1. Which number in (1) over 29 Å from ASN162 (Cα atoms); (2) assigned by TED's automatic domain parsing to the domain that holds GLU137; (3) not aromatic (Phe, Trp, Tyr) marks the one condition that LEU26 misses?
2. Pick from region 97-131 the residues that are modelled with pLDDT of 70 or more and of a type in the set (Asp, Glu): which of them is farthest from the chain's Cα centre (by Cα)?
3. Would you mind telling me which numbered condition in (1) exposed (fewer than 10 other Cβ atoms within 10 Å of the Cβ); (2) not in a helix (DSSP H, G or I) ASP82 fails?
4. Here are some conditions: (1) surrounded by fewer than 10 Cβ atoms within 10 Å (Cβ to Cβ); (2) in contact with a Leu (Cβ under 9 Å, 6 or more places away or on another chain). GLU3 meets all but one. Which one does it not meet?
5. At pLDDT 75 or above and closer than 15 Å to SER174 by Cα: is that true of LEU68 in this structure?
6. Which pairs do you get when a residue that is outside the structural domain of GLY72 (by TED's automatic domain parsing) and surrounded by 22 or more Cβ atoms within 10 Å (Cβ to Cβ), found in region 92-117, comes within reach of a residue that is in a helix (DSSP H, G or I) and of a type in the set (Ser, Thr, Tyr), reach meaning Cβ atoms under 7 angstrom, with the pair 6+ apart or on two chains?
Amino acid sequence: MNEKLQLGTKLIMVVSSVVVLVMIALTIIISTKLTVALQDEAHKLLQTESVRLANRVQGAVGQTFAVLESAGSVMALIVVNDREGNIDQKILLESVERLLRTNQYARFAYFYVPGDNVYLRRVAYLQNTDYLLDSGEFMIFAHRENNDVAVVKAEDNLKQFNSLHNAISNKVLSMGRVG
């Protein structure tokens, strides 16, 4: 069949074939380069967004921690200066429960008062051992499951939480959340 075609037609077929092959090669090269460039840009965008979100989360955590530190300091100041036990245990219990209710990420909250204190004497007088550690120290420990907050009996095995373990080991008045 090629023998019947004129020279011009043969030349056009060869040139057309070369053009088609060059176009296919260019398409593959451009597609590959474009894919790599888009992947790089997507990666950069994800990194930028993750840093931005991390900064936002860090700010929220920092704010929560600052509020917790402030509340703990105020409660500590009040309890240390409350020699007659004017603050009812219900108020302390409500403070611990509110700490759980206002922070959706916390599962446990506690209020620990070391050594001999008016709250410890009151608990002994009322014979309510729910607020006593096995060592005889005063602690309110609350637990949240789903949306229910319940006071859990204070036991020395709760020392598995680092902040609580540090407070008990150092005999430091402490209020906080764990989990």
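1. (2)
2. ASP130
3. ASP82 satisfies every listed condition except (1).
4. For GLU3, the exception is condition (2).
5. Details: at pLDDT 75 or above: no; closer than 15 Å to SER174 by Cα: yes.
Taking the combined requirement at face value, the residue does not satisfy it.
6. Pairs found: PHE111/SER95; VAL113/TYR119.
The values are calculated or read from the model by the stated rules, or taken from the named source; none is laboratory data. Here the structure is a predicted model, which is why all the values come from computation and not from measurement. Heads up, the Cβs are rebuilt from the backbone with ideal geometry, glycines too, and the neighbour counts pull from every protein chain shown.
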